[in-house]
4 protein chains.
Amino acid sequence: MSDQNLKSRLYEIIFEADTPAGKLFDVSLFVAILISVCLTMLQSVGSIRAAHGGLLFAVNGGFTLLFTIEYGLRLYCAPKPLRYARSFFGVVDLLAVLPFYIGLFIPGTRFLDVVKVLRMLRIFRVLKMAQYVGEADLLKNALIASRRKIGIFLVAVMTIVVIIGSLMYVIEGDANGFSSIPRAVYWAIVTLTTVGYGDIAPSTPIGQALAAVIMIIGYSIIAVPTGIITAELGLSTAQERNARKCDACGHHQHDADAVHCKRCGAALS
Amino acid sequence: MSDQNLKSRLYEIIFEADTPAGKLFDVSLFVAILISVCLTMLQSVGSIRAAHGGLLFAVNGGFTLLFTIEYGLRLYCAPKPLRYARSFFGVVDLLAVLPFYIGLFIPGTRFLDVVKVLRMLRIFRVLKMAQYVGEADLLKNALIASRRKIGIFLVAVMTIVVIIGSLMYVIEGDANGFSSIPRAVYWAIVTLTTVGYGDIAPSTPIGQALAAVIMIIGYSIIAVPTGIITAELGLSTAQERNARKCDACGHHQHDADAVHCKRCGAALS
Amino acid sequence: MSDQNLKSRLYEIIFEADTPAGKLFDVSLFVAILISVCLTMLQSVGSIRAAHGGLLFAVNGGFTLLFTIEYGLRLYCAPKPLRYARSFFGVVDLLAVLPFYIGLFIPGTRFLDVVKVLRMLRIFRVLKMAQYVGEADLLKNALIASRRKIGIFLVAVMTIVVIIGSLMYVIEGDANGFSSIPRAVYWAIVTLTTVGYGDIAPSTPIGQALAAVIMIIGYSIIAVPTGIITAELGLSTAQERNARKCDACGHHQHDADAVHCKRCGAALS
Amino acid sequence: MSDQNLKSRLYEIIFEADTPAGKLFDVSLFVAILISVCLTMLQSVGSIRAAHGGLLFAVNGGFTLLFTIEYGLRLYCAPKPLRYARSFFGVVDLLAVLPFYIGLFIPGTRFLDVVKVLRMLRIFRVLKMAQYVGEADLLKNALIASRRKIGIFLVAVMTIVVIIGSLMYVIEGDANGFSSIPRAVYWAIVTLTTVGYGDIAPSTPIGQALAAVIMIIGYSIIAVPTGIITAELGLSTAQERNARKCDACGHHQHDADAVHCKRCGAALS
């Protein structure tokens, strides 16, 4: 097998998912990522690290070696290696392996924590695989189509949160935990989104009344993003169905399973 | 009455709900399950167990006897007893009675707690009865039809939660309660789903800023499952209404304004 | 004016809202109820009661006298006084005034608290007035039409909550606040509905994992009631528009403002 | 350039966004407002004020000078200066600069806090700019069209919250933190909107049962505003798409499948 043949064969396996070998590679990679992400999570638990730290470090090193080989192969077989290296997933793949090798030479637990988190970035690859499922497109398109409306909604939310946060800073003041406007705005976000930790909570009657107002605002306007996404999803589902036209009478909006025009009875193409 | 007749008569009463006797049996079983579940819940309350422990034990024993007889009858009259015994509800029915008898011989309060919980499984039977109501099918079908979209949504949620949890672990660190990545991911789930216990909460400014981001993400993307389910339910409700049938080819699901069958072209009545 | 005339005139004013006098009466009653409800709320605040208790008591007594007269007039002018007295609003009207008079003779602050709360029932009258607005019917009908689906949803929620609550009782146990099954079920409701007080929170890793599951379930299935209500509201809004039919070609689904049939051009009736 | 020309030129730049200069002015103002709002937020943080208080004061003073000039120019070039001065944004512009000058003469940190919050009002201008995006109209119209339904929903929510709050006041009482009806109603709002701070939480079994009821009510009826907004947004998105116009009578909003104008019956192009 010539070098060019090897490259294109590898490209098929590693970058595509149409062939059986490509699918097998993707599933194996998927499983390897999930295991290595779980191991990294376990590694961060003090008691587990104390008991099985050496084992975890060894297994994680093995996985990192595997992902390094994968990164090398991707660079090797990509038609334009630089373009891959600078793409989002190219950077993610590099960031997920590089820090491990740097960590071998530079000591310091704090730095190792950051390494661990960079390793977690591999999980983005899982998200990429979800794209193979057809429904992912529908959802992505609905989100893209409604991005401007969602953007305006978020600007309105930000304005409400800054105004009410500032008011609460004046009303409640330092004594009740609203020690600065950023902290009061943080409280307003916690309340408007109905998260409600309770680490900061109003204690004056006026503050509680204003808090009740922002709660009811938050409870009501959650309807806005929901309405936006629902309208988009409803339209795209309907469009998918109605995209056929009758040649005889020109009537459109036929279901995907229709063979004859529902108005004139002519056969549909 | 011959043995076979008795069997098929019992089958009608116990497994079906079309005859008056079958309905009466189902309603009685429903009431018995609700009472025994409530008794089991009361039994777990320390003060009530101290005061009325003997009584509750006796009544619960009576109910267990009743459910044991029911299980025996189901085994007796089912055409294929083994198939029933290995079905989901067959296993639930057995698990709900068996531990009581084992508990009589094996002492230990901890074990008895597990027994109680197994007994709670009976409540699944209540869910089965809900299926008799026609609307349950509509809801079940909408959930089944949207299971892949919901699945992709959950994968995306998991990715967000793992990435943000890992970041918070580095930013906040052990001192502020984010002692490991799994714990930080747990916090991210508590926050994204807007539950917000407040047992772990960010205390550094950067951590609070990132927390605000995940809150607003959680507040906005709740629109996605809602949009998916709403679009499905809207379609199935509309389809239900449009269930016209073609006399020529038997095709159903024609729109309310259709004049010709969309499959064979025959005029619709 | 004859006695019968007076009765029917009073009935028009008190029970109906079509005449100017009837509207004026309703608006006055509305304002009086809001003021008396606010006063009752203020009366329950310790510091305000200490400072202005006598004044509040006097004003509230005046309002109660007013509502007593109103109740008497309703009894007098209703065509069937007993039917009114036994209706939901007849009972509310009586319960809202009666305890005040009983309270004058029976001392004890605890009892007075209950009296205050009964007085709050007057606020139901406000809800009754909201019915005059046409949109209230649309909402009420959508809720009534979807009551069975919502019922099945609540049964499913109850089953999930009981099963997960029971599991948490076994997993977390008494030491972590899950002291009984009812308490664990209460925690499960607090978590599933995304309220999340944080007074009871899981502390074992398995408990937190199960809690994460119920949170994501709660975050996802909130889509179900939303989808049900949205589908109903969408249909009723559409039906309102599409209830007109063309006499010439039989085409329906014309907008409310259409003068001609959109298919054949004939004038619509 | 004559005085009138200068005025109309300035008006174009400051009040409109159609010319390149007008757009540049709007974007600059937008950036200046965001920076000054962020600075004001930082100024309220104790540690930052201690370290860089003088610098922040100076920079903020510079921005206030800038906004004062802007306010003066708006007054100068507006065709009806008084009408601008009394408009919502005229008042906001004045309130955002005036207190700074008053603060120079009147000492007292408490007063300065209020000044800071008034300065935050500038953020409303950001909201005004969002209106230039076409989608903002769609959202605004959907909210306006559903304001009566949302109003009725809020009246129903208020009634539920007052009734359940009052009941909890009697059930839980002073000892468990439900010290007055307003406080109990505040708790009911915190719970119904699923915020759930946990600063007040029921501790008696009956109180917890009632709390579970209000949680499930809150979890279910969030579907109502969502359904209302979704139905409105769905209709307005569909209408936007169907905006065909009749050449004969000028009527628009014909469905995609209309052949004749629904108002005058003329054939549509």
Entries in A:K128/A:K149; A:K149/B:K140; A:K7/A:K80; C:K80/D:K149; A:K80/A:K128 that, when Cα-Cα distance is taken, lie over 23 Å: A:K128/A:K149; A:K149/B:K140; C:K80/D:K149
Modelled FRET efficiency - R0 60 Å, B:A32 with A:S87, Cβ distances, 0.05 increments: 0.45
Most to least packed among C:24-33, A:3-12 [average Cβ atoms within 10 Å]: C:24-33, A:3-12
Cα-based radius of gyration of segment D:140-243 once divided by 2.2 N^0.38 Å, which approximates compact folds: 1.36
³J(HN,Hα) computed for each position of segment D:182-197 - Karplus, 6.51 cos²θ - 1.76 cosθ + 1.60, integer Hz, glycine/proline x: x, 5, 5, 5, 4, 4, 5, 5, 4, 7, 4, 7, 6, 6, x, 4
Kirkwood Rh and Cα Rg combined as Rg over Rh, evaluated for segment B:3-128: 1.01
Share of carbon and sulfur in the accessible heavy-atom surface of segment A:140-243 [1.4 Å probe, %]: 66
Computed magnitude of the charge dipole of segment B:140-243 (debye, nearest 20; Cβ of K, R +1, Cβ of D, E -1): 440
Accessible area of segment B:140-243 divided out per residue, in Å², using a probe of 1.4 angstrom: 32
Alpha-carbon centroids, segment D:151-184 and segment C:71-110: separation in whole Å: 22
From phi via Karplus (6.51, -1.76, 1.60), per-residue ³J(HN,Hα) for segment A:7-17 in Hz, x at Gly/Pro: 4, 5, 5, 4, 4, 4, 6, 7, 8, 10, 9
Solvent-accessible area, 1.4 Å probe, carbon plus sulfur percent, for segment A:3-128: 74
10 Å Cβ neighbours from other chains, averaged over peptide C:157-166: 5
Accessible area expressed per residue, segment D:3-128, with surrounding protein chains retained (probe 1.4 Å, Å²): 55
Exercise: per-residue mean of other protein chain Cβ atoms within 10 Å, A:213-221: 6
Residues losing 30 Å² or more accessible surface upon assembly, segment D:21-42, compared with the chain by itself, 1.4 Å: D:M41
Contact order normalised by residue count of segment D:140-243, Cα under 8 Å, 6+ apart, percent: 31
Peptide-level mean, for D:181-191, of C-beta atoms on other protein chains within 10 Å: 6
Pairwise burial D:A, computed as accessible area of each alone minus the pair, summed, 1.4 Å, Å²: 4200
In order through segment B:60-75: 3J(HN,Hα) via Karplus (6.51 cos²θ - 1.76 cosθ + 1.60), integer Hz, x for Gly, Pro: 5, x, x, 4, 4, 4, 4, 5, 5, 4, 4, 4, x, 5, 4, 4
Label-point separation, B:L73 to D:L127 (7 Å along Cα→Cβ), nm: 6.6
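The values are calculated or read from the model by the stated rules, or taken from the named source; none is laboratory data. No experiment lies behind these values; they were computed from the predicted model shown. Please note: Cβ atoms are built from the backbone with ideal geometry, for glycine as well, and neighbour counts cover all protein chains shown. Each accessible area value is taken on the protein alone, full model and side chains, heavy atoms only, with ligands, DNA and RNA left out. Shrake-Rupley method; radii C 1.70, N 1.55, O 1.52, S 1.80 Å.
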